[in-house]
Structures are given as C-alpha cells and as structure tokens.
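Where a number appears in this text, it was derived from the coordinates with a stated rule and is not lab data. Remember, it's a predicted structure, so these values are computed and weren't measured experimentally. A quick note on method: Cβ atoms are made from the backbone with ideal geometry, for glycine too, and the neighbour counts reach across all protein chains shown.
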Amino acid sequence: MLFKKKNTKRQDDRVWATEAAKFEGISDEVIRATETGTPVLVIAHFRNTMENAIDTMERRGIQFDAVLDRWQMAQFEFVSLKPAQVLAFLSELALGQSRSGSRHRKELSAGEKLHVIMVEHYPIPDRDNEILSFSESLPRGSTIRFHSSLDESLLEAFGANRTFGLLSKLGWERTGYMENPSITKAIESGQTRIKRVAASNEKVNSQREWLYYNCPVLRDPTK
C-alpha cells in the first residue's frame with residue numbers, strides 16, 4: 001500500500017507581545033515570501049482581525065487581492081495562483097474549498113509552493129484543524145504558520161499577561177516574537193480546555209466576542 005505524501009508543513013507558531021507588532025510581523029512575512037516569488041494566503045477567522053490585517057498590509061504598500069464573498073471563492077482556482085500573488089480571506093470561505101480542492105489539482109513542479117499565514121487562532125481547535133485540512137487540499141505543497149499575540153483575548157484567557165511580565169524581565173522586546181514547538185502545543189492545550197467549557201459556537205466578529213457569548217464562565221467582569 002502506498003502512503004500519500006503530506007502536502008503541508010506546519011511551522012511553529014509565532015506569539016507576539018502585542019497585536020500591533022503581530023500585524024507588522026505578518027506583513028514582513030508576506031513581503032519575504034513574495035520576494036522569493038511564493039504566493040501567500042492570508043487567512044483570519046474573524047472579520048475584525050481580517051480588517052486589521054488588510055489595513056496594515058495596505059499601509060505597508062503590499063499588493064493583494066481580498067476575497068470577501070462565497071461566490072468569489074467558489075470561482076477561484078488555487079492552481080492558478082501567480083508567483084508572489086497575495087490573497088486575503090476569512091477562514092469560513094475556505095471550508096467549501098477544502099472539500100472540492102481535489103478537482104483543482106494538477107501536476108506541479110517541486111518549486112511551485114505557497115505559504116499560508118493564519119493571523120489568529122480560533123478559540124477552540126476545530127476551525128484551526130479545518131484550515132489545516134484546507135491547506136492539505138491545496139493543489140501545491142504549502143507551509144502554514146499561525147500567529148498570536150499576548151494581548152489577544154484568547155491568550156489572555158491563558159494568563160498570557162502574567163507570562164509577558166516574566167518575559168520582559170528576561171529581556172524580550174515588545175516588537176519581537178516567541179517561536180517554539182512547546183508554545184504551539186501550549187496553545188492547542190488551551191483551546192482544548194476552552195472547548196470543554198464552551199456553551200456554544202455562535203458566529204461573531206472577534207475573539208473577544210466569541211469568548212464572551214460562547215464561554216460565559218470565562219467572562220471577565222472588569223472588562
């Protein structure tokens with residue numbers, strides 16, 4: 001029996017000190033990838049985050065296409081991505097593509113790859129796993145990296161502000177990032193804990209709203 005070669009390589013998460021630093025770092029990552037001719041998919045789970053990512057890329061002078069509707073996504077073929085093309089869209093638009101992506105496959109050279117940038121994690125692991133499946137379904141080999149920041153609602157739920165206090169004493173600068181397999185696993189563990197206490201999975205526009213409406217036990221009465 002032949003085993004299918006894995007189509008996607010997941011890179012270690014990057015956790016930034018602030019959301020502002022995260023969006024700047026994401027823009028730097030987009031620029032580095034496009035300078036090598038690699039197409040880039042910039043994906044957010046929530047509309048507010050997508051708007052912030054778009055605003056930063058526009059300010060940095062990055063050329064990109066934004067796919068905002070299901071009908072646009074349904075007409076798009078990822079096999080037709082041009083070198084250095086940047087495409088930005090919400091994760092919910094990718095889910096149908098992961099089921100139909102195989103019809104867009106064709107034989108590609110080893111150099112024809114793309115990079116997927118997730119600008120945030122979903123509070124529970126299900127949607128992240130669906131995006132990993134989507135990445136695996138793409139018609140060319142890909143790399144994928146998730147980004148977070150210590151002032152995001154999801155990481156605040158993990159007590160990340162206390163973590164930053166310690167890291168600051170160790171000399172970690174607010175414009176830098178942490179990147180380590182143990183960090184990736186720690187976030188996945190936190191998502192699993194949130195899933196256990198989530199009362200629902202209602203569609204909202206931000207991580208903060210998701211945690212407020214779907215996880216009443218995690219509400220912070222001081223905010």
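Pop the C-beta distance of GLU202 and THR18 into the FRET formula with R0 = 25 Å and round what comes out to the nearest 0.05. Working shown, then result.
On the way: r = 27 Å, r/R0 = 1.10.
The formula returns an efficiency of 0.35 here.
Treating r as the C-beta distance of ARG70 and GLU188 and R0 as 30 Å, the FRET efficiency rounds to 0.55. Remark: for residue pairs LYS9/LYS185; LYS22/LYS82; LYS9/LYS203, the C-alpha separation exceeds 18 Å in LYS22/LYS82; LYS9/LYS203. Working from label points 7 Å from Cα in the Cα-to-Cβ sense, the GLU136 to GLU209 distance is 3.1 nm. Residue separation of LEU218 and ALA84 scaled by 0.36 nm, minus their Cα-Cα distance, works out to 44.1 nm of gained length. Counted by Cβ distance under 15 Å from ASP126, the other residues give a net charge of -1, where Lys and Arg count +1 and Asp and Glu count -1.
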